[in-house]
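Chemist: Have a look at this one before I ask anything.
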Amino acid sequence: MAAGAVIVGGGQAGFEAAASLRAEGYQSPITLLGEEPHLPYQRPPLSKGFVLDKQGLDEIELRPQSFYRDHGIEVRVGERVVHVNREGRSVRLKSGESIPYDSVVLAVGARNRSLPIDGAELDGVLYLRTLDESRELKSRVQRAQSVVVIGGGFIGLELAAVARTLGKSVTVLEAQPRLMPRVVAPAISEFYRELHTSQGATVVCGAMVSEIVGAGGKVRAVAVGGGRSFPADVVLVGIGVVPNVELAQGAGLKVGNGIIVDDCLRTSDPAIYAVGDCAEHPNTFAGGRVRLESVQNACDQARCAAAAIAGRRAPYAALPWFWTDQYDVRLQMAGLSQKYDQTVTRGDIAARKFSVFYFKDGRLVAVDSVNRPADHMIARRLLAAKTVVTPADAADESVDLKKLGR
Ligand SMILES: Cc1cc2nc3c(=O)[nH]c(=O)nc-3n(C[C@H](O)[C@H](O)[C@H](O)COP(=O)(O)OP(=O)(O)OC[C@H]3O[C@@H](n4cnc5c(N)ncnc54)[C@H](O)[C@@H]3O)c2cc1C
């Protein structure tokens, strides 16, 4: 009997790989191994609806237990894979058990980057990646008075909005001169600074955190360079993630800023694939190799890897897209804006409905839409088709973008 496919990691990408293998008609056994004690679930609600009790566990689980039974997928939760034995074609669990494979999908995700400063180990310093951490964070924030968020990126700002919604005094500390600096244009950073400030949060940019100050083992304040200090009984740290590459490294696979894969998500061993947050892949929209952290990337890569395992070549060429919800404002991002040299704005910033179009050498490379879902959907089509859009057309509301490229 065939050993089948073993998927390591029961997150978004792991789930999608398992489900897609069956959708591709894969007949051999599928084993999904997840370290967390839960069935695969969506992470985005952990810093949005779930943490505010607007969504329950049943709503964030990707599928109920019956789905796995009905599709012949063996899901094993609470199981950590500690070694991939390439010669013997098996993975070893922490318990010592070995499971044979024909193909492996590494969908091991990423973990939070920790703060390398004094006081980071104090009680009350929290990170958010998992469902259990989201529950813990909710109960701590509910009991807190003052919350300091370290990091003005997506997760930090979503958590700042959550803490303000729960009525807490909130300070956001961002080391760079503006919010979300690596991923959005200054106009969007400024919009978000005003949004958070108007909701009563204090936003401090250019704030280099030097120490978390405690008393009796508990956090009391966050100190920044220049002698300023901000009182806190909870500190939420959102300063990015690092990919989980150790399993791949231990198996002798090539690793860079993630597990290195080709356009079909194959690692340097053709029987082993890597998908999602852990995979460094060639991406035509990035113009090179990149590692992305998004639901879109996790799902689309998992589908391509599943197709390859099932014998159908389907190179990964999906347009990157992403979203973040803060208060009643949804930012939707299409494309990768990193190397832009020009932006134009369409819509009304004051009315909180606008899009920023990013160009590189006159070519549209990305569109960020604030409360303009129709712009986002059109942008995805235009960017995926590499349709020519001029900055003048993008800025002119009388030009119907839907009609471009048709
Ligand atoms: C709070 C939060 C909010 C987010 N919001 C958004 C959003 O609004 N929009 C968006 O597009 N993206 C968002 N993201 C990012 C998105 O959730 C991730 O990009 C996506 O979950 C990546 O999926 P993945 O399967 O690659 O990794 P993960 O979801 O991290 O899953 C990896 C799993 O592998 C397990 N694992 C690791 N090593 C082993 C091992 N050795 N053995 C067994 N299991 C192992 C881990 O425990 C984990 O459960 C958010 C992320 C977080 C944390």
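The values are calculated or read from the model by the stated rules, or taken from the named source; none is laboratory data. The structure displayed is predicted, hence computed values, not measured ones. Methodologically, a virtual Cβ is constructed for each residue, glycine included, from the backbone with ideal geometry; neighbour enumeration extends over all protein chains shown. Ligands, DNA and RNA are excluded from the accessible area calculation, which covers all protein heavy atoms including side chains. Shrake-Rupley method; radii C 1.70, N 1.55, O 1.52, S 1.80 Å.
Chemist: Do you know which of the residues in the stretch 342-396 that are more than 24 Å from residue 182 (Cβ to Cβ) and of a type in the set (Ser, Thr, Tyr) is most open to solvent (accessible area, probe 1.4 Å)?
Modeler: Among those that are more than 24 Å from residue 182 (Cβ to Cβ) and of a type in the set (Ser, Thr, Tyr), it is 390.
Chemist: Would you say residue 319 is part of a loop (DSSP other than H, G, I, E, B), out of contact with any Pro (no Cβ under 6 Å at 6 or more places or on another chain), aliphatic (A, V, I, L, M) and within 16 Å of the ligand (Cβ to nearest atom)?
Modeler: yes
Chemist: Tell me, which residue of the stretch 10-49 that is part of a loop (DSSP other than H, G, I, E, B) and either among the basic types (Lys, Arg) or touching a Pro at 6+ places or on another chain (Cβ under 9 Å) (or both) is farthest from the ligand (Cβ to nearest atom)?
Modeler: Result: 39.
Chemist: Looking at the stretch 314-346 only, could you name the residues that are modelled with pLDDT of 95 or more and either among the basic types (Lys, Arg) or touching a Gly at 6+ places or on another chain (Cβ under 6 Å) (or both)?
Modeler: Hits for the stretch 314-346 are 330, 346.
Chemist: Here is a further query. Take the stretch 293-305 and flag every residue that is buried (at least 21 other Cβ atoms within 10 Å of the Cβ) and either out of contact with any helix residue (DSSP H, G or I) (no Cβ under 8 Å at 6 or more places or on another chain) or over 17 Å from residue 259 (Cα atoms) (or both).
Modeler: 300, 303, 304
Chemist: Report yes if residue 165 is over 24 Å from the mean Cα position of the chain (by Cα) and modelled with pLDDT of 95 or more, otherwise no.
Modeler: Criteria not met by residue 165.
Chemist: Here's something else I'd like to know. Would you check if there is a residue in the stretch 269-289 being open to solvent by 30 Å² or more (accessible area, probe 1.4 Å) and under 17 Å from residue 7 (Cα atoms)?
Modeler: Yes, the stretch 269-289 contains at least one residue that is open to solvent by 30 Å² or more (accessible area, probe 1.4 Å) and under 17 Å from residue 7 (Cα atoms).
Chemist: Hey, could you check the stretch 66-115 for residues that are more than 12 Å from the ligand (Cβ to nearest atom), assigned to a strand (DSSP E or B) and over 20 Å from residue 16 (Cβ atoms) and say which is least open to solvent (accessible area, probe 1.4 Å)?
Modeler: 90
Chemist: If you go through the stretch 196-220 one residue at a time, how many are in contact (Cβ under 8 Å) with a residue 40 or more places away in the chain and either open to solvent by less than 20 Å² (accessible area, probe 1.4 Å) or in a strand (DSSP E or B) (or both)?
Modeler: Within the stretch 196-220, residues that are in contact (Cβ under 8 Å) with a residue 40 or more places away in the chain and either open to solvent by less than 20 Å² (accessible area, probe 1.4 Å) or in a strand (DSSP E or B) (or both) number 12.
Chemist: Within the stretch 270-314, track down each residue that is within 14 Å of the chain's Cα centre (by Cα), β-branched (Val, Ile, Thr) and in a helix (DSSP H, G or I).
Modeler: Listed by number, the list holds a single entry, 295.
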